[in-house]
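The values are calculated or read from the model by the stated rules, or taken from the named source; none is laboratory data. Note that the structure is a prediction, hence the values are computed from the model and not measured. Please note: Cβ atoms are built from the backbone with ideal geometry, for glycine as well, and neighbour counts cover all protein chains shown.
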Amino acid sequence: MKQLKSRVMSRIAGVGLALALGTAFAVTGAQAQDKKPILIGFSQSLTGFLSPNGKQALLGMEIWKDQTNKAGGLLGRPVELKYYDDKSDPSEVPGIYTKLLDVDKVDLVVSGYATNQVAPAMPIVMRKGKSFISLFGLDVNDKFKYPKYFSIIPTGQDTKGSFTKGFFDIAAAQNPKPKTVAFTYADAEFSQNACEGARANAKKHGFTTVYDKAYPPPPKTTDFAPIVRAIKALEPDLVVACAYPLDSVGLVLAANEIGLKPKMFGGAMVGLQATFFKDKLKNKMNGIVNYETWVPDDKQMYKGTKDFFAEYQSRAKAAGVDPLGYYLGGWGYAQLQVLGDAIKSAKSIEDDKVVAALKKDKFETVMGPIKFGGKGEWAESKMMTVQYHDIPADAGLDAWRGMTTQYVLEPKSLETGKVIYPYEKAIK
């Protein structure tokens, strides 16, 4: 009788515990569903001349958000992205960030793509005391010196010079050594900064400047033939262009049409990295020596890299974006990957705590390890110099998918080929 009573009481207790645990889990689940999302706000160039790069960055960011939410969110809360199209117009940016912070009440802000769009956001972000991770902003914080700024661009501490360091190092190693250089650049924030660094690199190696002029950026300048003709008349050994996508395309087309044949041509030309612009230029890119930030070589496959690009490429057509995503897709993902990991490390979305984690931690991303140093730039440079070669006139998507049409020339640790010199030899 005592044993029977004991078994009955045990069963009653077990049922009670099960009911209590079930109620607890139900309450916890309801609380998780009811938790307010973490809002991350930014502007992005979804129309205008920067949109081919801005849209692929956005898809990378969306993939990070979807994967994060599938894994349970951040701090037990879902993540939402709040963004507006800045139309590739810097004048749109201050109003967007004011709206994000004052009206939308986002928890955190990051930048959209490109130096010209990052710089005008800075005064708004600084006034609000927000942490700010930028995407491909070249040395933006040199002027502001904002302690809560962090940059996703692999320039290292020599920010302005990093885009053309490899170009000039390679030129200086040739025998006989070239002597003269021409600079052409857009009168815009990125191009001015990159050209300033290029001048310093040229001076270090003892090259003589024979041309150094800016042009109004597109759409104010649409015909680049007069610029190329003026450079050709001076017969420089080296031609360095610091340009955004539309002017990069315009300069390459004009150079091929007019027959510009220096010993080396390239430098800091944005756009040549993206599939959209590669398809426009095809074999006209042959011989150009230019910067790169990542290439699909086995040495640059990190944890999650292949899986990310497989996911990106499976979604690219429906999203109407660059089909490969090698230039900005991965970096858009990495930008939020760093922010998400900093939030986890800080166990908070408070800006000061997130900033402390960003300064302290090393972040493993799909684009490689990132550690921040002075001014919020990378502690070490990971910039590359590449040369395009053997691109057929009818090149299709497969020409850009791997490493068959480009060599990594610098750094030596990532080298996949030797420079074809002079430029004329590569374009035949």
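The set of residues in segment 83-102 that are within 12 Å of Gln117 (Cβ to Cβ) and part of a helix (DSSP H, G or I) comprises Pro90, Ser91, Glu92, Val93, Pro94, Ile96, Tyr97. Just one of the numbered conditions (1) in a helix (DSSP H, G or I); (2) more than 21 Å from the chain's Cα centre (by Cα) is not true of Asp279: (2). When every residue of segment 259-276 is checked against the conditions, at least one turns out to be under 24 Å from Asp89 (Cα atoms) and part of a helix (DSSP H, G or I). When Trp294 is tested against the conditions (1) assigned to a loop (DSSP other than H, G, I, E, B); (2) hydrophobic (A, V, I, L, M, F, W, C); (3) farther than 19 Å from Phe190 by Cβ, the lone failure is (3).
When Pro123 is tested against (1) touching a Lys or Arg at 6+ places or on another chain (Cβ under 7 Å); (2) surrounded by fewer than 24 Cβ atoms within 10 Å (Cβ to Cβ), exactly one condition is not met: (1). Looking across segment 344-361, just one residue is assigned to a helix (DSSP H, G or I), surrounded by fewer than 14 Cβ atoms within 10 Å (Cβ to Cβ) and over 24 Å from the mean Cα position of the chain (by Cα), and that is Asp352.
Residue-wise test of (1) hydrophobic (A, V, I, L, M, F, W, C); (2) closer than 24 Å to Ala186 by Cβ; (3) assigned by TED's automatic domain parsing to the domain that holds Gly129; (4) buried (at least 19 other Cβ atoms within 10 Å of the Cβ).
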| site | (1), (2), (3), (4) |
| --- | --- |
| Gly76 | no, no, yes, no |
| Val79 | yes, no, yes, yes |
| Glu92 | no, yes, yes, no |
| Thr98 | no, no, yes, no |
| Asp102 | no, no, yes, no |
| Val106 | yes, no, yes, yes |
| Val109 | yes, no, yes, yes |
| Gly112 | no, yes, yes, yes |
| Thr115 | no, yes, yes, yes |
